[in-house]
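What follows is one structure encoded as structure tokens, with my remarks underneath.
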Amino acid sequence: MDDVIRSLATDIRTAETTVALTGAGVSTASGMPSFRGDDGIWGDEFDPDTFHIRRFETDPVGFWADRVRLRERMQPEAAGPNAAHNAFARLQACGALSAVITQNTDGLHTAAGTRRVLELHGNARRVVCQRCGERRDAEWAFEVAKGSGDPPTCSCGGIYKPAVVLFGEALDPALVRDARRRVANSDLLLVAGTSLQVDPAASLPAQRQGATLAVINLETTPLTANADYDIREDVTDVLPKIAKAACRR
Ligand code: ZN
């Protein structure tokens, strides 16, 4: 395995443009529960319809009450960046990583110090007014919803929505275009902690034009068969080693 890591680190160091694509597996070590899978949040505990855009639009009071309940289950305030997030930040700081495209909404890549993070599904640490577009800290919105039982409301009269892509909502097309362009222009694509089952992330790797493909994931993925590197290890073990080797001068 050390040979594989050394080889991948060399490829990252010599690549002109390396782009990372990350998913839930990068955040589980920070204590963020998974949404999908056997013990995922969606299922017995929370019906995904609870957080559908239609629910927000028709019953914002109930939506926000459930959102507070979800937050108390997730305890995102207790979660900080882990060794995998820090490894991406280190890779970028040493010039070996151009951007991180993530399916995660926990904001932990940014918290680790990574810049140019494309959050495909938004950022749960922010809320956005549905009328004027103003953004605020989600902590404030949770306090309001919890204390008053009313949805957090903007001074313009609009209701704040979590700045995430809810079920039934479309992703920001400009953001998806930017992600596709970055993958197409990369010569190394590092896929970490995602089984690539959810679009558009699932379709992003197909945009690459001959780029080296490295997949770091505990389980096999639809991409594994085409991967130049197939590393079935814990991302928090492997990524710091890769960053250390790739950033060595
Ligand atoms: Zn507003």
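The values are calculated or read from the model by the stated rules, or taken from the named source; none is laboratory data. This is a predicted model, so every value here is computed, not measured. Cβ sites come from the backbone with ideal geometry, for glycine too, and all protein chains shown count toward neighbours.
When every residue of region 150-164 is checked against the conditions, at least one turns out to be among the β-branched types (Val, Ile, Thr) and touching a residue at least 24 places away in the same chain (Cβ under 8 Å). Tell me, yes or no, whether region 182-191 has at least one residue that is without any contact (Cβ under 8 Å) to a residue 12 or more places away in the chain and not in a loop (DSSP other than H, G, I, E, B). No: zero hits.
Mind listing whichever residues of region 140-192 are of a type in the set (Asp, Glu) and either in contact with a strand residue (DSSP E or B) (Cβ under 6 Å, 6 or more places away or on another chain) or more than 22 Å from Arg71 (Cα to Cα) (or both)? Correct list: Asp172, Asp178, Asp187.
Residue selection: Asp199 fails the criterion of being more than 16 Å from the ligand (Cβ to nearest atom), of a type in the set (Asp, Glu) and in contact with a strand residue (DSSP E or B) (Cβ under 7 Å, 6 or more places away or on another chain).
I'd like to check something: does region 158-166 contain any residue that is at pLDDT 95 or above, hydroxyl-bearing (Ser, Thr, Tyr) and under 21 Å from Gly31 (Cα atoms)? There is no residue in region 158-166 that is at pLDDT 95 or above, hydroxyl-bearing (Ser, Thr, Tyr) and under 21 Å from Gly31 (Cα atoms).
Test Ala227 against the criterion of being out of contact with any Pro (no Cβ under 6 Å at 6 or more places or on another chain) and either within 16 Å of the ligand (Cβ to nearest atom) or not charged (D, E, K, R) (or both), and give yes or no. Taking the combined requirement at face value, the residue satisfies it.
Rundown of residues vs (1) in contact (Cβ under 8 Å) with a residue 12 or more places away in the chain; (2) under 20 Å from the mean Cα position of the chain (by Cα); (3) assigned to a loop (DSSP other than H, G, I, E, B); (4) more than 29 Å from Phe167 (Cβ to Cβ), yes/no style:
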| position | (1), (2), (3), (4) |
| --- | --- |
| Pro205 | yes, yes, no, no |
| Val215 | yes, yes, no, no |
| Thr221 | yes, yes, yes, no |
| Ala225 | no, no, no, yes |
| Lys241 | yes, no, no, yes |
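Within region 127-146, none of the residues are touching a helix residue (DSSP H, G or I) at 6+ places or on another chain (Cβ under 7 Å) and of a type in the set (S, T, N, Q).
All of Val100, Val117, Val127 fail the test of being within 16 Å of the ligand (Cβ to nearest atom), modelled with pLDDT of 95 or more and either within 12 Å of the chain's Cα centre (by Cα) or among the β-branched types (Val, Ile, Thr) (or both), apart from Val127.
Taking region 146-176 as the range and being surrounded by 14 or more Cβ atoms within 10 Å (Cβ to Cβ), closer than 21 Å to Asp49 by Cα and within 16 Å of the ligand (Cβ to nearest atom) as the test, the residues that pass are Pro151, Pro152, Ile159, Tyr160, Lys161, Pro162, Ala163. Taking (1) over 18 Å from the mean Cα position of the chain (by Cα); (2) away from the ligand (no atom under 15 Å from the Cβ); (3) at pLDDT 95 or above in turn, Ala141 satisfies each apart from (2). Search region 63-97 for residues being under 13 Å from the mean Cα position of the chain (by Cα) and of a type outside the set (Phe, Trp, Tyr), and hand back the single one that is farthest from Ile242 (Cα to Cα). Checked region 63-97; the qualifying residue farthest from Ile242 (Cα to Cα) is Pro81.
In the set (1) away from the ligand (no atom under 16 Å from the Cβ); (2) buried (at least 17 other Cβ atoms within 10 Å of the Cβ); (3) not aromatic (Phe, Trp, Tyr), Arg181 fails one condition alone, (2).
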